[in-house]
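Below: the structure, in structure tokens.
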Amino acid sequence: MTSPTITLNSGATIPQLGFGVYQVPDNEAEQVVLTALETGYRSIDTAALYGNERGVGRAIAASGIPRDELYITTKLWNSDQGAQLAPAAFERSLELLGLDSVDLYLIHWPTPERGLFLETWEVLEGVLASGRARSIGVSNFLPEHLDAVVALGGTVPAVNQIELHPALQQRSVVSANTRHGVATEAWSPLGQGQALSNPIITEIAERNGISPAQAILAWHLASGHIVIPKSVTPARIAENLASTQVTLSGDDLELIDTLESGGRVGPDPATMNRF
Ligand code: NAD
């Protein structure tokens with residue numbers, strides 16, 4: 001079983017459903033990522049912050065899957081923003097991953113108070129030009145941050161990876177992404193598990209003979225989002241990938257659309273300046 005793909009504004013294609021590894025310790029990442037790859041995932045989402053790029057790289061090497069069949073994303077951590085530090089941070093990520101290039105390199109957060117994200121974007125443009133990232137993008141960028149990057153007149157981000165799940169549907173950010181031709185990628189697509197017990201979700205799941213996680217992931221896929229659910233449990237890893245086979249009715253999709261409540265599980269990008 002494989003995932004459908006989405007074509008990015010860079011011309012590259014990304015699997016619409018990938019595997020997230022936030023909070024997976026480095027010494028467990030190799031086994032967990034190998035399980036995901038053996039299950040059929042081809043896209044892995046890590047970050048320098050997660051401290052598990054080495055374990056992810058080991059899994060890639062051990063899998064024996066040709067590099068061009070894999071889609072690897074990593075992210076520049078906030079403390080490495082700016083022209084001085086970002087180039088070395090990218091090299092470090094490549095080295096830990098054991099790769100010559102990544103498929104997607106993201107600025108993890110805008111950290112607007114520091115005023116470095118535009119300068120940092122220009123570093124990512126250099127990485128793109130060098131061929132060591134096939135696409136570059138951003139994460140947690142609000143419309144005002146995205147507008148500022150696009151106003152530079154250079155590369156438009158391929159992706160904006162944002163917190164997005166039934167309780168936080170981010171309509172204004174998604175519409176800014178769409179306006180600029182930026183693909184929307186949903187982090188914490190299951191609301192870190194909190195969305196699974198919502199009674200509307202469990203009712204839709206029961207009626208369709210699927211799991212709550214599959215109901216939510218099928219809604220994301222039908223909404224055009226790229227998703228990167230995380231699990232360390234083999235049965236759930238398989239169950240999440242199998243959501244690519246689920247088609248919900250228009251009525252069920254609309255029911256999930258009504259679940260917006262503004263409930264975040266992570267920080268607000270407008271005020272997140274930690275590094
Ligand atoms: P998620 O929404 O993917 O939820 C993961 C949790 O849901 C698991 O720990 C497990 O408890 C539960 N779960 C998963 N599958 C399940 C299933 N089938 N049945 C029952 N429970 C299940 O949350 P996440 O890990 O925070 O987000 C996914 C990925 O997004 C991360 O691993 C990371 O790669 C990325 N992420 C990015 C940012 C960012 O700032 N860019 C922030 C957070 C996460």
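The values are calculated or read from the model by the stated rules, or taken from the named source; none is laboratory data. Quantities reported herein were computed from a predicted structural model and do not represent experimental measurements. Neighbour counts are summed over all protein chains in view; Cβ atoms, including those assigned to glycine, are modelled from backbone coordinates with ideal geometry. In case anyone asks, the SASA skips ligands and DNA or RNA and just uses the protein heavy atoms, side chains included. Shrake-Rupley method; radii C 1.70, N 1.55, O 1.52, S 1.80 Å.
State yes or no: is Trp121 closer than 22 Å to Val174 by Cβ, within 19 Å of the chain's Cα centre (by Cα) and of a type outside the set (A, V, I, L, M)? Don't jump to the end; show me each part of the working.
Numbers: closer than 22 Å to Val174 by Cβ: yes; within 19 Å of the chain's Cα centre (by Cα): yes; of a type outside the set (A, V, I, L, M): yes.
When the stated conditions are applied, Trp121 passes them.
Give segment 49-70 a look and list any residue that's surrounded by 23 or more Cβ atoms within 10 Å (Cβ to Cβ) and within 30 Å of Pro112 (Cβ to Cβ), or say none.
Result: Asn52, Glu53, Val56.
Filter segment 60-110 for residues that are within 18 Å of the chain's Cα centre (by Cα) and at positive phi and give the result.
none
Any idea which of (1) more than 7 Å from the ligand (Cβ to nearest atom); (2) under 18 Å from the mean Cα position of the chain (by Cα); (3) surrounded by 21 or more Cβ atoms within 10 Å (Cβ to Cβ) is the one Ile201 doesn't satisfy?
(2)
When you go through Glu239, Glu185, Glu206 one by one, which is the residue that is near the ligand (Cβ under 10 Å from one of its atoms), part of a helix (DSSP H, G or I) and of a type in the set (Asp, Glu)?
On the way: Glu185 fails: part of a helix (DSSP H, G or I); Glu206 fails: near the ligand (Cβ under 10 Å from one of its atoms).
The conditions single out Glu239.
I need a count of the residues in segment 170-181 that are within 16 Å of the chain's Cα centre (by Cα) and open to solvent by less than 10 Å² (accessible area, probe 1.4 Å). Quick ask: steps written out before the conclusion?
Keep residues of segment 170-181 that are within 16 Å of the chain's Cα centre (by Cα), which gives 170, 173-174, 177.
Next, only the ones that are open to solvent by less than 10 Å² (accessible area, probe 1.4 Å) stay: 173, 177.
Matching residues across segment 170-181 total 2.
Within segment 1-43, track down each residue that is within 15 Å of the ligand (Cβ to nearest atom), open to solvent by 10 Å² or more (accessible area, probe 1.4 Å) and of a type in the set (Val, Ile, Thr).
Val32, Thr35, Thr39
Return yes or no: is Leu94 in a helix (DSSP H, G or I), open to solvent by less than 30 Å² (accessible area, probe 1.4 Å) and more than 30 Å from Ile216 (Cβ to Cβ)? Give the derivation first.
Details: in a helix (DSSP H, G or I): yes; open to solvent by less than 30 Å² (accessible area, probe 1.4 Å): yes; more than 30 Å from Ile216 (Cβ to Cβ): yes.
Yes.
Test Thr46 against the criterion of being within 15 Å of the ligand (Cβ to nearest atom), more than 18 Å from the chain's Cα centre (by Cα) and crowded, with 16+ Cβ neighbours inside 10 Å, and give yes or no. Quick ask: steps written out before the conclusion?
Working: within 15 Å of the ligand (Cβ to nearest atom): yes; more than 18 Å from the chain's Cα centre (by Cα): no; crowded, with 16+ Cβ neighbours inside 10 Å: yes.
No; evaluated as a whole, the condition is false for this residue.
Could you give me the residue pairs with C-beta distances under 6 Å whose first residue belongs to segment 214-226 and is free of Cβ contacts under 8 Å to residues at least 12 places away in the same chain, whose second residue is of a type outside the set (Phe, Trp, Tyr) and within 10 Å of the ligand (Cβ to nearest atom) wherever it lies, and which are 6+ apart or on separate chains?
Sorted first by the residue in segment 214-226, then by its partner, the list stays empty.
Return a yes/no flag: does segment 73-87 have any residue that is crowded, with 16+ Cβ neighbours inside 10 Å, farther than 19 Å from Ile136 by Cα, β-branched (Val, Ile, Thr) and touching a helix residue (DSSP H, G or I) at 6+ places or on another chain (Cβ under 8 Å).
No, every residue in segment 73-87 fails to be crowded, with 16+ Cβ neighbours inside 10 Å, farther than 19 Å from Ile136 by Cα, β-branched (Val, Ile, Thr) and touching a helix residue (DSSP H, G or I) at 6+ places or on another chain (Cβ under 8 Å).
Does segment 178-193 hold any residues that are within 19 Å of Lys75 (Cα to Cα) and either touching a Pro at 6+ places or on another chain (Cβ under 8 Å) or not hydroxyl-bearing (Ser, Thr, Tyr) (or both), and which are they? Steps first, please.
Residues of segment 178-193 that are within 19 Å of Lys75 (Cα to Cα), as a first pass: 182-189.
Of everything in segment 178-193, those that are within 19 Å of Lys75 (Cα to Cα) and either touching a Pro at 6+ places or on another chain (Cβ under 8 Å) or not hydroxyl-bearing (Ser, Thr, Tyr) (or both) turn out to be Val182, Ala183, Glu185, Ala186, Trp187, Pro189.
For segment 254-275, enumerate the residues that are closer than 16 Å to Ala205 by Cα, of a type in the set (A, V, I, L, M) and open to solvent by 40 Å² or more (accessible area, probe 1.4 Å).
Leu255, the sole residue that qualifies.
For (1) over 14 Å from Gly191 (Cα atoms); (2) open to solvent by 10 Å² or more (accessible area, probe 1.4 Å); (3) at pLDDT below 95, each residue gets a yes or a no:
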site	(1), (2), (3)
Ser223	yes, yes, no
Pro229	no, no, no
Leu241	yes, no, no
Gln245	yes, yes, no
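Take the residues in segment 118-136 that are open to solvent by 50 Å² or more (accessible area, probe 1.4 Å) and outside any helix (DSSP H, G or I); name whichever of them is farthest from Ala88 (Cα to Cα).
If we take residues in segment 118-136 being open to solvent by 50 Å² or more (accessible area, probe 1.4 Å) and outside any helix (DSSP H, G or I), then Arg134 is farthest from Ala88 (Cα to Cα).
Of the residues that make up segment 110-125, is at least one under 15 Å from Gly57 (Cα atoms) and touching a strand residue (DSSP E or B) at 6+ places or on another chain (Cβ under 6 Å)? Spell out how you get there, then give the answer.
First, pick out the residues of segment 110-125 that are under 15 Å from Gly57 (Cα atoms): none.
No - not one qualifying residue is present in segment 110-125.
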